[in-house]
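Here's the structure we're looking at; comments come further down.
The values are calculated or read from the model by the stated rules, or taken from the named source; none is laboratory data. These numbers come from a predicted model, not from an experiment. Positions of Cβ are generated from backbone atoms using ideal geometry, with glycine treated the same way; all protein chains shown enter the neighbour counts. Heads up: the accessible areas ignore ligands, DNA and RNA and are worked out on the full protein's heavy atoms, side chains in. Shrake-Rupley method; radii C 1.70, N 1.55, O 1.52, S 1.80 Å.
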Amino acid sequence: MKYRTIGKTDMAASVIGLGGEHLATGPYETVETVVNTALDLGINIIDVFMPGKTARENFGRALGGRRQKTLIQGHICSTDINEQYDVSRHLPTVQKYFDDLLKCLKTDYIDIGMLFFVDSEKDFSDVFEGEILPYAQNLKKKGIIRAIGASCHNPVTAKRIVETGAVDLIMFSINPAFDMAPAQTDILNYLEDAPMDFEKKLDKDRAALYRLCEQRQVSITVMKAFAAGKLLSPKHTPFNAPMTAAQCIHYALTRPAVASAIIGCSNKEEVLEAAAYLDKSESELDYSAVLKDFQGDFRGNCVYCSHCQPCPAALDIAGIHKYLDIALLDAAAVPPSVAAGYRALGRAAGECAACGDCERRCPFSVPVIENMKKAAALFENRA
């Protein structure tokens, strides 16, 4: 298993995480098998938002003596009516359900306290300008939560959340279809039976969000990586061919700031399939062919697919582009963490031999040679 640090915290999450959503109504034996299979594979981050006392108790029981080796994303404001999912911003109700989460999981702390479902302007106002954020901050001060996160499906609202400086992490819906959704689309509607609608371009707000998160050292955990299974289905995929689970996971993990792709699993086989991502070859992970037929505004923009590799000069071309894109958000004041990330790549953009091999292979006509010069000027040629 591979691990990535969460924001500015000292916690490291497995790049594959486990979502508990599909286990909410299953028997305890299934929950136990899925949780222990995940932990045995090195998966250490588990998202627990599900309503219902029984569902939460099943997770607490399954974790048993392995709680200390697990990072729990536990949601604040996730409530239920007759064990059906609901959201509340009423502080006494929020406190009641969060206290219940601790009891059900048999723990006295939650690693990441997630401010639940902050999508609309009203959600943002209720949570970040009302009583909920101070409640979460007090929990963190007391050590009852180790970090503060927020879950969101709207890139404009997510950007506002990151700009508050109050969160270490956001949970956001990422996959190629969502990243090409028309601006201001209610992304949850894409999970219904209606066909997905595309603009055939990367949504600028979503791309900017990922870069801002990397710039501010706010990590992302990914939900909806498979678009509720639509991207895997020959019948329902919006593309010319279905993607594999590994391609969907790889797409998510190659976005800036992403720490982990949280995959909802209902049985042991699905856990094994998700973890098999780590054993796939580069050709099996390559998602560029899926996007190629939907180029539109993709042309000239690096999507970090690494189709340009191998580089004769051993440059990590996708990695350099990623840090270049982030730095260009504010080229006059490149954050130290971004500059350090660039240096950690090893070989510098200034070592580019301008051979053009990468440009000939790139499906999106990215001007790699020109961009390497920009990166060298930005990161290497400053006093």
- Kindly provide the helix-only [θ] at 222 nm of the chain, computed as the sum of -39,500 (n - 2.57) over DSSP H runs of four or more divided by all residues, to the nearest 500 deg cm²/dmol? -11000 deg cm²/dmol
- Note on the structure: Residue by residue through the stretch 130-143, the couplings from Karplus 6.51 cos²θ - 1.76 cosθ + 1.60 with θ = phi - 60°, in Hz, x for Gly and Pro, are x, 8, 6, 4, x, 4, 5, 5, 5, 4, 5, 4, 7, x
- Task: Output ³J(HN,Hα) for the stretch 276-282: one whole-Hz value per residue in order, computed from phi by the Karplus curve 6.51 cos²θ - 1.76 cosθ + 1.60 with θ = phi - 60°, and x for Gly and Pro.
- Result: 5, 3, 5, 9, 7, 7, 4
- Of 150, 78, 93, which is farthest along the charge dipole of the chain in the positive direction, counting Lys and Arg as +1 and Asp and Glu as -1 at C-beta? 150
- Cβ-isolated cysteines (cut-off 4.7 Å), the chain: 77, 104, 152, 213, 248, 265, 302, 305, 311, 352, 355, 362
- Query: Where nothing but the Cβ of Lys and Arg (+1) and of Asp and Glu (-1) is charged, how large is the charge dipole of the stretch 22-121 around its Cα centre, in debye to the nearest 20?
  - Reply: 340
- Message: With a 10 Å cut-off between alpha carbons and a GNM built on the chain, which of 72, 81, 43 moves the most?
- Response: 81
- Taking DSSP loops as anything outside H, G, I, E and B, show the longest stretch in the chain free of GluC sites (Glu not before Pro) there with at most 12 other beta carbons within 10 Å. 193-383
- Message: To check you understand DSSP bridge types, tell me what percent of the beta bridges within the chain (both residues inside) are antiparallel, rounded to 5.
- Response: 20
- Any chance you could give the angle, 0 to 90 degrees and rounded to 10, that helix 28-40 forms with the longest Cα principal axis of the chain? 40
- Hits among aspartates and glutamates - C-alpha to C-alpha of residue 141 under 15 Å, sequence gap 8 or more where chains match: 108, 111, 168
- Note on the structure: Along principal axes, largest first, the alpha-carbon spread of the stretch 268-358 in whole Å comes out as 48, 29, 28
- Query: About its Cα centre, what dipole magnitude does the stretch 1-50 give when the only charges are +1 on Lys and Arg Cβ and -1 on Asp and Glu Cβ, stated in debye to the nearest 20?
  - Reply: 320
- Query: Roughly how much of residue 283 is accessible, in Å² to the nearest 10, using a 1.4 Å probe?
  - Reply: 90
- Task: Taking the Cα centre of the chain as origin, sum charge times position over the Cβ atoms of Lys and Arg (+1) and Asp and Glu (-1), and report the length of that vector in debye to the nearest 20.
- Result: 960
- Task: Quick one: which residues, 5+ away or cross-chain, put their amide H under 5 Å from the amide H of residue 264? H built at 1.01 Å from N.
- Result: 19
- Grab the beta carbon distance between residue 330 and residue 355, set R0 = 45 Å, and tell me the FRET efficiency rounded to 0.05. 0.90
- Task: Could you state the accessible area per residue of the chain in Å², with a 1.4 Å probe and every protein chain left in place?
- Result: 43
- Task: Working from Cα positions, state the angle (0 to 90°, nearest 10) between the long axis of helix 204-216 and the longest principal axis of the chain.
- Result: 80
- Message: Filter 140/374; 230/374; 96/230; 122/224; 204/230; 103/159 down to the pairs with a C-alpha to C-alpha distance above 30 Å, please.
- Response: 140/374; 230/374; 96/230; 103/159
- Rounded to whole angstrom, the alpha-carbon centroid of the stretch 226-279 lies from that of the stretch 316-383 at a distance of 28
